[in-house]
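Asks: Below: one structure in structure tokens.
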């Protein structure tokens, strides 16, 4: 991120936790496909892995972004922590398959990044006045929709991941449909955004 960008945190540390069997390749493929569905450019910030007797620990931080205008973009920071990961073979439909087993923690932050200096030129007073107007008096229509779009995009990615992880649970009755998950998460994020806007 450029140092002069104005950074507005819309979604703060929304977590998804899971414990059980899963496939790492399917997890990251699902995340990437969900982001591409919503028009994001993929970007990996860092990747670390350590191995101990308890299993493997992997931390991956993704920073996909979507350009909305020459001066504005949306960014979802996704931290994926896989802990105590071991390999396990499970029989599915009479066929033995290799899975990973352990703890999954995925945390989402959603940012609206704007560069009004770029848009309005380098005149400091114009930049300042635009910021005051935008924060206290009037939100420009295009920009007013950014937080809700970011919330919807995050809910989409969250629901795709949760639906995948739920699909590994073989017990009947424990599966929640993806559409239901997406609606629930989108509603929770919408409420958080509205509360944040009231607090301004």
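Asks: What number goes with the only condition from (1) exposed (fewer than 13 other Cβ atoms within 10 Å of the Cβ); (2) without any contact (Cβ under 8 Å) to a residue 24 or more places away in the chain that residue 61 does not pass?
Replies: Result: residue 61 passes all but (1).
Asks: Would you list the helices (runs of 4 or more DSSP H) that sit entirely within the stretch 110-200 and hold 2 or more residues that are modelled with pLDDT of 80 or more and touching a helix residue (DSSP H, G or I) at 6+ places or on another chain (Cβ under 6 Å)? Give the steps one after another, and end with the answer.
Replies: On the way: elements: 116-120, 124-132, 141-144, 146-167, 178-199.
Fully inside the stretch 110-200 and qualifying: 146-167, 178-199.
Asks: So which residues in the stretch 95-114 are under 22 Å from the mean Cα position of the chain (by Cα) and buried (at least 16 other Cβ atoms within 10 Å of the Cβ)?
Replies: Narrowing the stretch 95-114 to residues under 22 Å from the mean Cα position of the chain (by Cα): 102-114.
102, 104, 106, 107, 108, 109, 110, 111, 112, 113, 114, listed by residue number.
Asks: I want to confirm something. Restricting to the stretch 1-41 and keeping residues that are more than 14 Å from the chain's Cα centre (by Cα) and part of a strand (DSSP E or B), which single residue is surrounded by the fewest Cβ atoms within 10 Å (Cβ to Cβ)?
Replies: 7
Asks: When you look at residue 59, is it over 25 Å from residue 188 (Cα atoms) and at pLDDT 95 or above, yes or no? Steps first, answer last, please.
Replies: Values: over 25 Å from residue 188 (Cα atoms): yes; at pLDDT 95 or above: yes.
So residue 59 passes the test.
The values are calculated or read from the model by the stated rules, or taken from the named source; none is laboratory data. Since the model is a prediction, treat every value here as computed from it, not as a measurement. Every residue, glycine among them, receives a Cβ derived from its backbone with ideal geometry; neighbour counts consider all protein chains shown.
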